[in-house]
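Here the structure comes first, spelled out in structure tokens, and everything after it is commentary.
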Amino acid sequence: MARENINDLVAFVAVARERSFTRAAAKFGVSQSALSHTIRLLEARLGVRLLTRTTRAVTPTEAGERLLEGIGPHFDEIEIQVDALSALRDKPAGTIRISAADYAIKHLLWPKLKKILPNYPDIKVELILDNGLTDIVTERYDAGVRMGEHLAKDMISARIGPDFCLAVVGAPSYFANHVEPQHPKDLVNHTCINFRLPSSGGLYAWEFEEEGREIRIRVDGQVSFNNTFDLLEAVLDGFGLAYIPEEIILPYVDDGRIVRVLQRFSPYWDGYHLYYPSRRQSSPAFIAVLDALRHRQ
């Protein structure tokens, strides 16, 4: 088979898996129009339509699904074998793609990675911001980051952070006109800043604990976000109370820019873990990144 034919098939697999010409084109570093032209030539050569294109989505046809199932695993195996060759090099090399929430990237991943990456110039790391519960296998990430309670049972995991706690906070300007809540139930009488969950689209119900009993409160307010650091900005601007990771707010509490309340009701959860499918264990680059990220007490 001619090399260009193989390249066309690789392009097809990428588009079919990404369900998007835009994302696949970005992955290959080519224009969307060039990639679309490649797929049209492949379809013409094979004499069958492989993809159904609409203004909102790209999906494989029946023939496309059959081709994807037939050749996709073979290209995956080639990629694995090529990655494995890095073990024969003097230094770990390769690209590691990690999906993680905004808080985890800023406070857990980057502070550790920026210290070790200068020692591994042949390792490339992509940190993809994702506050949802993405399927890392489907999206072809090497690893993801989640709290311990959300880990999939078929994944290998390593703890990368301490136990995790959220804190209810508000600006002094807000409390100048509102009485501090004494119990989580008092939050229904306050203006709160909601966090919209990317995975379900719903609003996060604030979780508390009293004498071992779980309390969930649905709060209301004028604004909602799906980014943790936007919540913090809204708090600082006096728009109400928010429930934000403790590590983020401590410097602001210390210098008086925000006030923490209901601390005794905020439970600690099992901290963040890096999780990944077992096939990535053999990569020296992945092992180097994993070792750097491990939580050490």
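If you count Lys pairs in the chain whose Cα atoms are under 19 Å apart, skipping same-chain pairs closer than 8 places in sequence, the total is 10. Between L236 and I78, what FRET efficiency follows from the Cβ-Cβ distance if R0 is 51 Å, with the result rounded to 0.05? Here the calculated transfer efficiency is 0.50.
Local charge sum around G64 (other residues, Cβ-Cβ under 10 Å, Lys/Arg +1, Asp/Glu -1)? Show your work: numbers first, answer last.
Working: positive: R49, R66; negative: E43, E62, E65, E69.
Local net charge: -2.
Note on the chain: with a GNM built from Cα contacts shorter than 10 Å, the maximum mean-square fluctuation among I78, I258, I193 falls on I78. Electrostatic tally near F265: other residues with Cβ closer than 15 Å to its Cβ, Lys and Arg +1, Asp and Glu -1, net -3.
Let me check I've understood the local charge: for Y252, count other residues with C-beta under 13 angstrom from its C-beta, Lys and Arg +1, Asp and Glu -1. What total comes out? Provide the component values of the computation, followed by the final result.
Values: positive: R257, R260; negative: E233, D237, E246, E247, D254, D255.
Net local charge, Y252 excluded: -4.
For the stretch 3-85, the equivalent ellipsoid derived from the Cα gyration tensor has semi-axes of 20, 15, 12 Å, listed largest first. The charge dipole of the stretch 164-269, taken about the Cα centre with unit charges on the Cβ atoms of Lys, Arg (+1) and Asp, Glu (-1), comes to about 260 debye, rounded to the nearest 20. Computed over the chain, the percent of Cα pairs more than 34 Å apart is 38.
Taken together, the values in this text are just the output of simple stated rules run on the coordinates, not laboratory data. Everything numeric here is computed off the predicted structure, so don't read it as measured data. All Cβ positions, glycine included, derive from the backbone under ideal geometry; neighbour counts span all protein chains shown.
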